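The values are calculated or read from the model by the stated rules, or taken from the named source; none is laboratory data. Not measured: the values here are computed from a predicted model. Cβ atoms come from the backbone with ideal geometry, glycine included; neighbour counts cover every protein chain shown. For accessibility, only protein heavy atoms count, side chains too; no ligands or nucleic acids. Shrake-Rupley method; radii C 1.70, N 1.55, O 1.52, S 1.80 Å.
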Amino acid sequence: MTVRHIENKMGIHGSPTCELVYKNAKAELCGSRKRGLIKYVMALMNGARLGIAAQSVGISQTSYDEALAYAKDRKQFGTEIVNFPAVYEMLSTMKAKLDAGRALLYETARYVDVYKGLEDIERERPLTPEEKQELKKFDKLATALTPLAKGMNAEFANQNSYDSIQVHGGSGYMLEYACQRLYRDARITSIYEGTTQLQTVAALPHLSTGEYSAIIAELEAQTVAPEFEPIAARAKAMSVKFNEVLESVKSTGDKELLDLACRHLYELAAYCIMTQLLLRDATKNAELFGKSLLVFANYAEAEVAKHYNFVKSLSVEAIVNYKKA
Ligand SMILES: Cc1cc2nc3c(=O)[nH]c(=O)nc-3n(C[C@H](O)[C@H](O)[C@H](O)COP(=O)(O)OP(=O)(O)OC[C@H]3O[C@@H](n4cnc5c(N)ncnc54)[C@H](O)[C@@H]3O)c2cc1C
């Protein structure tokens with residue numbers, strides 16, 4: 001086995017990347033035959049995707065921390081720039097995406113913990129029928145949420161590191177500030193372990209079977225603190241929009257139209273789920289999550305309207321316009 005060469009990358013310089021070339025290398029079969037691609041590779045990929053989701057949340061957090069510290073320190077027109085609405089809006093949106101993305105990551109990790117815990121037990125003794133059901137349920141939930149957690153957090157890391165530079169102004173473009181490194185490091189998160197487009201492909205079966213709709217409906221049944229009931233009503237209106245366009249695309253029976261709408265349907269599902277998770281967090285601890293919930297609900301509502309309008313404008317006949325491009 002030889003190393004072709006160490007790659008010259010735009011970011012993640014703390015981790016060298018290289019191509020390995022195997023020539024007449026001895027190989028040993030591990031695991032069972034015919035389970036490689038579906039069982040082992042998918043399990044490996046889902047584990048790695050959860051890791052990238054966590055890496056993305058870390059980049060989002062540091063991007064926010066760096067931007068906030070700079071905005072509190074930097075003065076323009078006699079005041080710290082954090083006091084300008086244009087700046088505090090950027091910062092509060094960064095924080096809201098960070099908290100929503102982290103909630104999605106933790107929820108996914110919780111599902112993985114449950115089913116992996118049951119798999120560990122299964123290695124020592126047979127599971128009861130209830131435990132078997134539980135394992136199946138949480139495995140399915142983890143498989144459905146992993147592409148959302150990876151794709152959305154990767155996109156948020158890119159957006160937050162971009163905004164972190166924006167808060168820094170011209171200084172952010174200089175190599176001495178950490179925000180430019182975060183911007184370069186963030187860029188890989190939406191590419192490796194499956195691009196964001198591939199995450200939407202992984203999410204497609206869960207859109208088609210109505211799994212995301214069921215997850216949202218279950219979350220909507222939760223009790224929220226009275227002060228957040230108006231947000232819960234707005235969140236419900238978002239999922240009505242999601243389900244409406246999902247059903248309208250599905251009803252055409254056109255596979256290419258479904259593929260074309262997939263990224264938008266994926267984001268619609270993700271925004272509905274993240275809003276619900278923040279509602280739950282804010283109900284438990286309003287001081288920690290209340291502000292992020294209010295800001296995220298505004299942001300999510302606008303994103304949902306955008307994707308809803310886009311999908312509504314699509315038709316089987318319109319596909320040709322996209323193909324021309
Ligand atoms: C720094 C770095 C480290 C890496 N580390 C590893 C590693 O450790 N192990 C490893 O195996 N690989 C590794 N990779 C490879 C990495 O996983 C791939 O580059 C990545 O999955 C994208 O695949 P690709 O480069 O072949 O792009 P392509 O698949 O050629 O994609 C090009 C474009 O087409 C889109 N696209 C492709 N297929 C579809 C589809 N079916 N539907 C919709 N859109 C599609 C993509 O979204 C993208 O926009 C690494 C790459 C980098 C840059």
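So the values come out like this:
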{"item": "Single residue of region 237-255 satisfying the filter (assigned to a helix (DSSP H, G or I) and within 11 Å of V316 (Cα to Cα)) that is farthest from the chain's Cα centre (by Cα)", "result": "T252"}
{"item": "Per-region count, region 59-92, residues more than 11 Å from S164 (Cα to Cα), touching a residue at least 60 places away in the same chain (Cβ under 8 Å) and part of a helix (DSSP H, G or I)", "result": "2"}
{"item": "Count - residues of region 15-56 that are within 30 Å of A178 (Cβ to Cβ) and either modelled with pLDDT of 95 or more or near the ligand (Cβ under 10 Å from one of its atoms) (or both)", "result": "14"}
{"item": "S208 being away from the ligand (no atom under 16 Å from the Cβ) and either of a type in the set (S, T, N, Q) or in contact (Cβ under 8 Å) with a residue 24 or more places away in the chain (or both)", "result": "no"}
{"item": "Criterion (in the same structural domain as S315 (by TED's automatic domain parsing) and either among the aliphatic types (A, V, I, L, M) or surrounded by 16 or more Cβ atoms within 10 Å (Cβ to Cβ) (or both)) met by exactly one of T200, T209, T252", "result": "T200"}
{"item": "Selection within region 179-197 - open to solvent by 10 Å² or more (accessible area, probe 1.4 Å), farther than 16 Å from Q55 by Cβ and more than 10 Å from the ligand (Cβ to nearest atom)", "result": "Q180"}
{"item": "Helices (runs of 4 or more DSSP H) enclosed by region 128-219 - at least 2 residues per element that are among the hydroxyl-bearing types (S, T, Y) and under 15 Å from the mean Cα position of the chain (by Cα)", "result": "129-168, 196-208"}
